[in-house]
Structure formats: C-alpha cells, structure tokens
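Here is the structure we will look at.
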Amino acid sequence: MQDWILLLVLLAVMTAAYHLGRRRAVIGAGGPSQVHRLHSLPAYYGLYAALWAGLPALLLLALWVGLQDQLVLMLLQAQLPEEMTAGLSEGRLGLLVNDIRNLASGAMLSTEITPELQAAADQYARLDQLGQWSMWTAVLALALTGGWVAWGRTHPGFKARNQVETMVMAIMVLFSSIAILTTLGIVLSVLFESLRFFSMVSPLEFFLGTLWSPQTALRADQVGASGAFGAVPLFTGTLMVSAIAMLVAVPIGLLSAIYLSEYAPRRLRAVAKPVLEVLAGIPTVVYGFFAALTVAPFIRELGQSVGLDVASESALAAGLVMGVMIIPFVSSLSEDVINAVPQSLRDGSYALGATESETIKRVIIPAALPGIVGGVLLAVSRAIGETMIVVMAAGLAANLTANPLDSVTTVTVQIVTLLTGDQEFDSAKTLAAFALGLTLFAVTLVLNVVALHIVRKYREQYD
Amino acid sequence: MRSGELARSQESRETVGDYSVPDARMRCRDVEVWYGDKRAIHGVSLDLGRNEVLSMIGPSGCGKSTFLRCLNRMNDTIDGCRVSGSIQLDGEEIYDRALDPVPLRARVGMVFQKPNPFPKSIYENVAYGPRIHGLTNNKTELDALVETSLRKAGLWDEVKDRLDAPGTGLSGGQQQRLCIARTIAVSPEVILMDEPCSALDPIATAIIEELIDELRANYSIAIVTHSMQQAARVSQRTAYFHLGDLIEVGETNQIFTNPQHRLTEDYITGRFG
Ligand SMILES: Nc1ncnc2c1ncn2[C@@H]1O[C@H](COP(=O)(O)OP(=O)(O)O)[C@@H](O)[C@H]1O
Ligand SMILES: [Mg+2]
C-alpha cells in the first residue's frame with residue numbers, strides 16, 4: 001500500500017522541521033554571527049524540532065498500521081447483511097471475510113461471486129480507503145502539531161542539547177527494553193505453559209517418574225498410547241551424553257590450550273589457533289550427520305568385532321561427536337585464562353629452578369583453575385542444550401540405562417519430537433515440551449550464572 | 001653538551017676501576033647480549049665477590065636488568081635473546097651447552113621488581129622450591145625449613161599465626177620479604193635483586209635494606225637499584241652502567257664521593273638520568 005509514501009512525506013516534514021527549528025534559533029540569537037549566544041549548538045535546535053515532528057507521528061503510524069486491518073474487518077462484519085452471516089460458524093465466517101477481502105483486492109476466490117459478496121467487497125474497499133485517509137490526516141496533523149510545539153519552545157536560552165539527549169536516551173531505553181521484554185515474554189510464556197502441564201501431570205511424576213511415553217490417546221481405544229511423563233530417563237540420557245562429551249572435550253581442550261599457550265612455537269600457534277576456530281565454525285547439523293552416518297556405524301562395527309552389543313544410535317557416538325564440537329570452546333576459554341596468568345608468576349617459578357612443566361602444574365594451572373572451571377561449566381551448559389547432534393545421532397527410545405553403548409534420548413531430542421508435525425496445542429504431550437524446556441532453561445541458567453561468577457571473581461584477582 | 005664534554009664522554013667506554021675481585025663467586029668476562037639484532041650489553045666484565053652486596057646503577061634502559069638476568073640465565077625465557085662471553089659461577093661456565101639452567105636457577109636466586117607471590121598460602125609459597133627440588137624428606141623437615149627461611153627474611157613473627165593465609169593478602173613489603181624467603185628456602189649461593197624496593201613505601205624499603213645487609217653474611221647479592229641512596233646504604237661495591245656499557249666500578253664510597261669517569265659524575269650529581 002501507500003504506507004511507505006506516508007513515511008517519505010513524514011521524513012520530508014522532519015527535514016523541514018530541522019531546518020526551520022535551526023533557522024528560528026539562529027535568527028532568535030541575532031543572526032549567524034551571534035550563535036554563541038545560544039545555549040546549544042544550532043543543530044540541536046533543528047534536531048529538537050525534527051524529533052518532535054517525527055517521533056509521535058511515527059509511533060502513531062506504527063500503531064495505526066498494526067490495528068487498521070482489524071478495525072476495518074470488525075466494522076465490515078458488523079455491517080454484513082443478516083442473511084449472509086446467519087448460521088455460520090466462526091471458521092466459516094472467517095472464510096467468508098477472507099473471500100470478501102480477496103475479491104476487493106482482485107485475488108482468487110473459494111466461491112462464486114454473488115451480488116451480495118460484491119457489495120460486501122465494495123463496502124470493504126470503501127472502509128479501507130477511509131482508514132487510509134484518516135491515517136494520513138491524523139499522522140500528518142500530529143507531525144505538524146509536534147513541529148509547532150517545538151517551534152513555540154525554541155528561543156536562545158532554551159536547553160535544546162539537554163532535551164535532545166534526553167529524547168535520544170529515551171529512544172535507546174525503548175529499544176533495549178524491547179529486547180528485555182521479549183526475553184521476559186518468552187520465559188513467562190514457557191512458565192505458564194509449564195504450569196498448565198503440571199496441572200495435568202503432577203510435578204512429582206514428571207521429575208521422579210522413570211517411564212517416558214508421551215503418546216496420549218486421541219481415541220479411547222487407541223493402542224500404544226499410555227501417556228506416561230516420567231522425565232528421569234531423559235535427564236539421565238542428557239547427563240550421559242553430556243558427560244561423554246565433556247570427557248572428550250575437557251582433556252583435549254585443556255591440554256591443547258596448555259600446549260598452545262605455553263609450549264608451542266609462535267609460528268605453530270599462528271596456524272593452530274585459526275584451525276581450532278574453524279572447528280568452532282562448523283554447523284552443528286554437519287556434526288550431526290557425521291555422528292549419525294560415520295561415527296555411530298563405526299562404533300557399532302567396532303563393538304561387534306569384539307563381541308559387544310552396540311545400538312546403532314548409541315549415546316557414545318553422539319557424546320563423542322558432541323565432545324569434538326565443544327573442544328574449541330573449552331580450549332579457547334582455557335587459553336584466555338591461562339594467558340591471563342601474569343608472566344611475573346612464571347618468572348618467579350623459573351627463578352626458583354622450576355622446569356616448565358613444574359611451573360605449569362604447580363603455578364599456572366592452580367592460578368587459572370577458577371577460570372578454567374568457569375569455562376568448563378559454560379561448555380557443560382552448551383552440551384546440555386545442544387540439539388542437532390543428538391536429534392540425528394542419539395535415539396528416541398527413553399531408556400533408563402547406564403550403558404553408553406545403549407541408545408538413549410535427551411531432553412532436547414524429546415522437545416523436538418514432541419513439537420514436530422501436526423500437534424494439538426493443549427494436550428499434555430505438547431505442553432510437556434514446555435516443561436522440558438523450562439527445566440533445560442533453569443539448569444543452563446544456573447550453570448551460566450555460576451560459571452560467569454567464577455570467571456569474574458578470578459579476573460579480579462590480578463587486575 | 002659542550003664539545004669538550006662530548007669528546008670526553010666519548011673518549012672511553014672502557015671500564016674505569018677494578019672490575020675483578022679475588023676469589024670471586026661469579027666472574028663475567030666480555031659479556032654481550034643481543035635482543036634480535038639489537039645489542040643491549042657491550043662487552044661487560046664484572047666480578048661478584050663472596051659475602052658482598054654489589055649494586056648496579058644507571059639510567060633507565062642502560063641494560064642493568066638485562067645483565068642481571070644473564071647471571072641466572074633468565075634471559076633464556078625471552079625469545080630472540082642471545083648471550084656471548086663467559087660467565088662463571090664458582091669457576092663453572094654457566095652458559096656451557098652441557099649445563100642445565102634449571103638447577104642453576106636454584107643456585108642463583110632472583111627477586112623481582114614487583115612482588116610476585118604465588119596465589120597460594122604463605123607456607124606453600126616458601127615450600128614451593130624445596131618441594132620441587134626434594135630438599136626435605138618429611139613434613140617436619142619442611143616445616144623447619146619454612147620457618148628458618150621466613151625467619152631469615154624477617155617475616156616469621158608477622159606471619160607465624162597465619163601460615164595458611166594466602167600470600168597475596170600480605171602488604172607489599174611483606175610480599176617482597178615472602179619472595180625473599182621463598183628464594184632463600186632453596187639455599188642459593190647468589191641472590192639477584194632487580195629494583196626490589198621500587199614498588200614499596202619508605203618504611204618497607206628500610207626493612208628490606210636492613211634485611212639485605214643481614215643476608216650478606218651468607219649470600220652474595222647483586223642488586224639493581226634506581227636509588228643512589230639505597231646503593232650507598234646497602235652495597236660494598238657499585239657498578240655504573242650507561243647505554244649497555246659498564247662505565248665504572250669500585251668501592252661504593254669511592255664511586256659516590258670521588259667518581260673517576262665524567263659520565264658517572266654526571267649521574268651521581270644528578271646532571272643526567
Ligand atoms: N625483552 C626484550 N626484548 C627486546 N629488547 C629488550 C628487552 N628487554 C630489554 N630490552 C632492551 O634492552 C635495553 C636494556 O633494557 P633493560 O635491561 O631492561 O634496562 P634497565 O633495566 O637498565 O632499565 C633497552 O634498550 C631495552 O629496550
Ligand atoms: Mg630494569
């Protein structure tokens with residue numbers, strides 16, 4: 001539509017307001033040679049006028065564009081003749097309204113064009129047109145009013161700079177609160193959906209039950225739909241995969257960090273660090289099919305050749321690959337904290353006749369340990385929340401097992417399977433995803449807070 | 001500078017004074033140090049006697065720290081640093097290919113400009129060296145060694161009740177004495193100190209200076225200092241460095257009252273540096 005033309009006009013009004021406001025200030029001060037008598041630089045008076053002209057009008061425009069359609073449709077429905085709407089269900093009514101709109105804009109219809117339909121479409125077009133015109137009028141009137149207010153306030157002693165700074169700050173506060181409110185909204189929605197879930201399934205069953213079988217019966221006689229929501233197998237599965245991943249990532253990541261920061265010649269470091277960072281840049285879906293198609297079959301064959309029974313989607317395969325994915329995370333965080341250990345501590349140790357490895361073992365690692373622990377905790381929270389690898393390489397069966405060669409499933413995998421495909425949004429099955437998500441969120445949040453706290457405390461020690 | 005002075009100051013970079021002492025603990029001859037292509041020390045010869053404090057003074061960047069770091073091969077840890085010439089400890093060439101710098105550093109200890117205790121307890125700071133060198137056989141011996149070292153560093157009475165407290169929690173002067181105790185604990189023959197008081201207040205400085213004087217009974221000490229008063233107070237011999245050259249060396253008294261070289265005199269009287 002022509003909303004963007006209105007936007008352009010509004011910009012033009014703002015530009016005009018800028019120049020007028022600036023000019024008024026300069027003239028009020030007694031001409032260009034007298035601008036030093038102004039409280040602020042002339043440009044601030046211009047900006048002040050432009051902001052007054054633009055901001056309220058822009059806000060109104062945004063609101064109007066968001067609401068006009070609904071208003072028009074409401075009016076339209078109220079005006080539809082009785083015989084058209086009589087006996088129509090909510091869904092049919094929606095379809096009818098859609099047809100009217102499509103007819104008005106010349107698109108395809110689901111029914112034939114009847115005279116009544118044509119009349120309604122014309123009515124819709126009229127209402128829409130009316131809405132457009134009132135929007136133009138209202139927005140432009142507001143812009144001019146804003147400009148006029150700013151005009152009235154502009155005089156040489158007016159503190160335009162302070163006002164502009166306050167307004168700019170208000171704009172920034174607005175934007176940052178959008179980010180914060182979005183987060184808050186997501187958390188609250190997850191929380192409320194979880195509460196709905198817990199009103200159907202007791203938290204005790206969810207957190208302590210050992211049977212996970214979320215298929216709820218759609219019909220009373222359906223088979224294989226027990227609807228059990230004991231999440232313990234998911235928690236243990238997540239724990240096992242994450243533990244295997246950390247068993248891979250922590251030693252390799254830590255040792256490579258130590259090697260790179262303490263032993264490696266500078267030229268090797270220049271090559272090795274970017275290579276590790278490339279590892280961090282590989283999309284997790286690539287790791288996922290690597291795990292599912294290469295590592296898992298390999299482990300199975302290896303197991304079979306020594307007479308072990310290995311599931312084709314074993315926790316081991318998923319954990320190993322996830323560990324590889326996390327290596328760069330652990331190594332770069334550890335390297336940062338190791339490098340943050342002051343050189344003077346190394347010198348102090350060497351000067352006592354300690355070797356390099358003694359210095360690393362007894363001085364550098366202990367000094368860097370809090371930071372390393374923080375980094376590892378961050379890595380754990382990544383491992384727990386990691387989804388793609390486990391979706392592809394871990395199984396779906398919620399086995400309660402301690403055997404890494406078995407197939408297990410994780411919280412993230414179950415969230416994915418609960419929500420993919422067509423779902424009813426009020427069944428316990430779907431809502432269970434929110435409860436799982438909330439649990440996941442709580443655990444990773446705690447891990448991150450603890451980790452950041454440890455890292456920050458450690459940083460303070462040497463600054 | 002007037003042209004006469006210029007000529008005079010340039011006429012000789014040969015060391016004035018007797019750089020050798022009989023029965024020296026450390027003996028350096030024609031030591032040159034390069035950082036990459038840059039020569040930081042130009043053929044310095046200097047002896048460190050037994051039971052003496054030798055102070056090294058000179059303007060910033062003249063190579064005092066560099067020279068000091070040669071004496072326990074701490075320069076080995078700096079990329080691109082090369083040392084030539086001869087440096088002997090009790091007649092043994094320390095830059096010999098066959099010699100391992102690690103045990104050497106236990107024999108020639110070092111105290112740094114900024115106190116650098118390990119982020120461990122006071123006890124562990126002192127026990128660090130004896131532990132890695134296996135100097136004691138059991139906990140009792142180690143306890144005794146920690147105590148004597150702290151006593152020698154004049155810190156025992158202040159910390160004996162809180163040996164488990166972190167060393168980093170001490171005051172600056174106490175930290176520096178802890179570092180000295182840590183060095184003493186491995187029974188070195190020589191202690192090198194690079195401006196050990198420059199980060200300390202006057203009272204802590206006075207305590208350390210007193211300590212240095214006591215330590216002379218058992219160790220040879222080479223100390224770099226920015227303060228000429230300090231050099232005068234603690235040392236028996238003084239060496240004046242200038243742009244990588246050893247200009248003059250002699251009895252501390254004589255250097256401060258009757259310097260022979262023009263550059264030394266300018267520095268002492270505050271006309272330079
Ligand atoms: N690690 C280093 N790399 C390169 N040049 C250095 C290094 N350390 C010192 N130098 C140079 O060597 C010279 C002597 O430095 P230094 O021994 O620290 O002087 P001083 O301790 O007397 O102030 C200076 O010119 C300095 O720039
Ligand atoms: Mg120095």
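The values are calculated or read from the model by the stated rules, or taken from the named source; none is laboratory data. Not measured: the values here are computed from a predicted model. Note that we place each Cβ from the backbone using ideal geometry, even for glycine, and neighbour counts take in every protein chain shown. Accessible surface is based on the protein model in full, side chains and every heavy atom, while ligands, DNA and RNA are left aside. Shrake-Rupley method; radii C 1.70, N 1.55, O 1.52, S 1.80 Å.
Tabulated data for the structure shown
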item	result
Per residue solvent-accessible surface (Å²) - the stretch B:90-162, probe of 1.4 Å	48 Å²
Largest-first principal axis extents, alpha carbons of chain A, Å	81, 80, 40
Efficiency of FRET from Cβ geometry, A:LEU452 and A:ALA397, R₀ 35 Å, rounded to 0.05	0.45
Interchain or long-range residues, amide H under 5 Å from B:ALA239's placed H	B:SER55, B:MET56, B:ILE57
Inter-site label distance for A:VAL149 and B:ASP100 at 7 Å from Cα along Cβ, in nm	8.2 nm
Point-to-point label distance, A:ASP309-A:ALA170, nm (Cα→Cβ direction, 7 Å offset)	7.2 nm
Segment A:VAL187-A:LEU302, extension gain: residue separation times 0.36 nm, minus the distance between their alpha carbons	37.0 nm
Cβ-based charge dipole, the stretch A:212-462, positive-most Cα from A:THR284, A:VAL373, A:VAL416	A:VAL373
Projected-area average for the stretch A:1-134 over all orientations - Cα convex hull basis, square nanometres	10.4 nm²
Charge dipole of the stretch A:1-152 about the Cα centre (unit charges at C-beta), most positive-ward option of A:LEU71, A:ALA138, A:LEU127	A:ALA138
Accessible surface of chain B, 1.4 Å probe, proportion on carbon and sulfur as whole %	47 percent
A:GLY209 long-range amide H proximity, modeled H, under 5 Å	A:ALA231, A:VAL232
Peptide B:109-119 - average C-beta neighbours from other chains (10 Å radius)	5
FRET efficiency estimate (nearest 0.05) - Cβ-Cβ, A:PHE289 to A:GLU116, R0 56 angstrom	0.50
Using alpha-carbon coordinates, inclination of helix A:160-200 to the longest axis of chain A, degrees	60 degrees
Amide N proximity, the stretch A:347-389 versus B:GLU92 label position 7 Å along Cα-to-Cβ, cut-off under 18 Å	A:351-355
Which of B:MET56, B:MET74, B:LEU145, positive extreme of dipole for chain B (C-beta unit charges)	B:MET74
J(HN,Hα) series, the stretch A:401-417, from Karplus relation 6.51 cos²θ - 1.76 cosθ + 1.60, nearest Hz, glycine and proline x	9, 10, 8, x, 8, 7, 8, 10, 10, 10, 4, 5, 4, 5, 4, 4, 5
Estimated FRET transfer efficiency when R0 is 45 angstrom, pair A:LEU59-A:ALA125 (beta carbons, to 0.05)	0.95
Helix A:115-153 axis, angle to chain A major axis (alpha carbon atoms, nearest 10°)	90 degrees
Accessible surface buried upon B-A contact (total; probe 1.4 Å; Å², nearest 100)	1700 Å²
Under 30 Å from the Cα of A:LYS361 - lysines, other chains or at least 8 residues apart	A:LYS273, A:LYS457, B:LYS114, B:LYS120, B:LYS139, B:LYS152, B:LYS160
Square roots of 5 times each gyration tensor eigenvalue, C-alpha, chain B, largest first, Å	34, 21, 16
Residue-count net charge about A:LEU88 - beta-carbon cut-off 14 Å; Lys, Arg +1, Asp, Glu -1	-4
Candidate aspartates and glutamates - alpha carbon under 16 Å from B:LYS64, same-chain residues fewer than 8 apart omitted	B:ASP30, B:GLU32, B:ASP47, B:ASP194, B:GLU195, B:ASP245, B:GLU248
Average other protein chain Cβ within 10 Å of Cβ, residues B:179-186	2
For the protein assembly as shown, share of DSSP beta bridges that run antiparallel, in % to the nearest 5	60 percent
When the stretch B:180-261 is reduced to its Cα atoms, the Kirkwood hydrodynamic radius in Å	13.7 Å
C-alpha long axis of helix A:90-105 to longest principal axis of chain A, angle in °	60 degrees
Gained length - A:GLN77 relative to A:THR15, 0.36 nm times residue gap less alpha-carbon distance	18.2 nm
Given chain A, longest segment not containing exposed loop GluC sites (Glu not before Pro) (DSSP; at most 14 other Cβ within 10 Å)	A:113-423
Separation of the B:THR257 and A:LEU419 label points, Cα + 7 Å toward Cβ, nm	8.9 nm
Using alpha carbons only: equivalent-ellipsoid semi-axes of the stretch A:212-462, gyration tensor based, whole Å	41, 21, 14
Beta bridges per DSSP with both ends in chain B, % antiparallel, nearest 5	55 percent
Carbon/sulfur fraction of accessible area - the stretch A:340-408, other protein chains in place, 1.4 Å, %	63 percent
Accessible area expressed per residue, the stretch A:212-462, with surrounding protein chains retained (probe 1.4 Å, Å²)	46 Å²
DSSP-defined beta bridges in the stretch B:154-273 - what % are antiparallel, rounded to 5	55 percent
